[in-house]
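One structure below.
The values are calculated or read from the model by the stated rules, or taken from the named source; none is laboratory data. Predicted, not measured: the structure shown is a model, and the values here were computed from it. Here the Cβ is made from the backbone with ideal geometry for all residues, glycine too, and neighbour counts use every protein chain on show.
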Amino acid sequence: MSTDAGPAVIILPALNAAVKAGLAGRCRLMELEAADIRNLPTGVVEAVRAVVCVGSFDRADMDRLPNLELIASFGVGYDGIDIRHATARGIVVTNTPDVVTEEVADAAIGLLINCVRGFTKAETWLRAGHWEQEKSYPLSTLTLRGRSVGIFGLGRIGKAIARRVEAFGLPVAYHNRRAVDDVSYRYCPSLIELARSVDTLIAVVPGGASTDGVIGAEVFKALGDRGVFINVGRGTTVDEEALIAALGGGTIAAAGLDVFAREPVVSPALLALANVTVLPHIAAATVDTRAAVSQLVVDNVMQWFEERCALSPVV
Ligand code: A2R
């Protein structure tokens, strides 16, 4: 436990050195496991004014801290934080949107192209010395050309992906709960309707109750046997058993996944499939973007204590 002066702030161990360094000396930082919060002595629990976490903070732990004012979360997703409960208690929750938008959109496009053109497999083939022996690599059975792309979740990242897809000369449609005013892309009032009308589905919706497992067997069937599914949102939005069945049985052609239902554990049945490209949740993971996210976490905490006004509150 640090003895620094300033407001008492709990920081969970998952936070990186940049966030810790940014707050050290300005806050009384307490680096604790969630389990340790349950054993904090009287006098300390009352002192805690902020928690810094990564996407989730238990509701019961929130209630162990009677004077908690702020939960500053690292990253865009905050599906592990009960926002309604925090709001009812007057606790402000912040996340780190915008600073990851373009980076995640780049990754989504990279994943899509790798998924249809199989660059990873081609490179592995070359490195294994096959080029000299076999002379030419087999033609790709999939292409980006002629595809039509559906975006499930046309928010900040979804729009950045859509701009890139447009630049590739492909039509874009989308599904959100509400149509977006400032775009001309075709709106589909349901996910199934979107899946029926495209052959490439990119999911970038948040996790949580309203999206839990909604991308399932019916959606894959609607996407069709040329279908390509990309997920850079949350793994919980997908019924993974249904995805494995759809990939294995030829219901869809391929998938590219940066997120999974039970990270960091990835289903062996999924990994056994040749028509899936998998990444270890790295869509926003560059040195520059990570630094920007870290700085925004620090700025949210310090601006809250200095001006009672968080920079990027979850609304
Ligand atoms: O539904 P709307 O109109 O609130 O639109 C949001 C959409 N969305 C949904 N669409 C259909 N059914 C739902 N149950 C549902 N829930 C949310 O997802 C909105 O267009 C989009 C989310 O956009 P943003 O809030 O701007 O988030 P951002 O920065 O694009 O990040 C999306 C997700 C994060 O939550 C992380 O899970 C991941 O990407 O990094």
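So here's what we get for this one:
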| read-out | value |
| --- | --- |
| Residue list for the stretch 249-279, filter: surrounded by fewer than 13 Cβ atoms within 10 Å (Cβ to Cβ) and either away from the ligand (no atom under 16 Å from the Cβ) or of a type outside the set (D, E, K, R) (or both) | Gly249, Gly250, Pro264, Val265, Pro268, Leu271, Ala272, Ala274 |
| Positions within the stretch 114-138 being surrounded by 14 or more Cβ atoms within 10 Å (Cβ to Cβ) and under 28 Å from the mean Cα position of the chain (by Cα), in sequence order | Asn114, Cys115, Val116, Arg117, Gly118, Phe119, Lys121, Ala122 |
| Matching residues in the stretch 56-83 - criterion: being over 17 Å from Gly155 (Cβ atoms), within 16 Å of the ligand (Cβ to nearest atom), among the hydrophobic types (A, V, I, L, M, F, W, C) and in a loop (DSSP other than H, G, I, E, B) | Phe74 |
| Count of the stretch 188-206 residues which are part of a strand (DSSP E or B) and of a type in the set (A, V, I, L, M) | 3 |
| Failed item in (1) out of contact with any strand residue (DSSP E or B) (no Cβ under 8 Å at 6 or more places or on another chain); (2) surrounded by 14 or more Cβ atoms within 10 Å (Cβ to Cβ); (3) in contact (Cβ under 8 Å) with a residue 12 or more places away in the chain, with Thr143 passing the rest | (2) |
| Selection within the stretch 249-267 - of a type in the set (Gly, Ala, Ser) and in contact with a helix residue (DSSP H, G or I) (Cβ under 8 Å, 6 or more places away or on another chain) | Ala254, Ala255, Gly256, Ala261, Ser267 |
| Residue that is in contact with a strand residue (DSSP E or B) (Cβ under 6 Å, 6 or more places away or on another chain), among the aliphatic types (A, V, I, L, M), more than 30 Å from Asp63 (Cβ to Cβ) and in contact (Cβ under 8 Å) with a residue 12 or more places away in the chain, where the choices are Ile109, Ile81, Ile157, Ile151 | Ile151 |
| Flag for Arg156 being in contact with a Ser or Thr (Cβ under 7 Å, 6 or more places away or on another chain), modelled with pLDDT of 95 or more and within 16 Å of the ligand (Cβ to nearest atom) | yes |
| Test: Gly158 is surrounded by fewer than 19 Cβ atoms within 10 Å (Cβ to Cβ), among the small types (Gly, Ala, Ser) and not in a strand (DSSP E or B) | no |
| Selection from the stretch 84-119 of residues that are in a helix (DSSP H, G or I) and over 20 Å from Val204 (Cα atoms) | Arg84, His85, Ala86, Thr87, Ala88, Arg117, Phe119 |
| Candidates Val51, Val19, Val9 - the one that is within 12 Å of Val297 (Cβ to Cβ) and in contact with a helix residue (DSSP H, G or I) (Cβ under 6 Å, 6 or more places away or on another chain) | Val19 |
| Among the candidates Leu191, Leu144, residue that is within 25 Å of Ala246 (Cα to Cα) and within 23 Å of the chain's Cα centre (by Cα) | Leu191 |
| Filter result for the condition that a residue is farther than 27 Å from Asp79 by Cα and in contact with a Ser or Thr (Cβ under 7 Å, 6 or more places away or on another chain), over Leu170, Leu247 | Leu170 |
| Candidate set: the stretch 52-88, residues that are among the β-branched types (Val, Ile, Thr) and under 29 Å from Ala283 (Cα atoms); chosen: the one surrounded by the fewest Cβ atoms within 10 Å (Cβ to Cβ) | Ile83 |
| Candidates Glu123, Glu218, Glu132, Glu166 - the one that is in contact (Cβ under 8 Å) with a residue 12 or more places away in the chain, acidic (Asp, Glu) and outside any strand (DSSP E or B) | Glu218 |
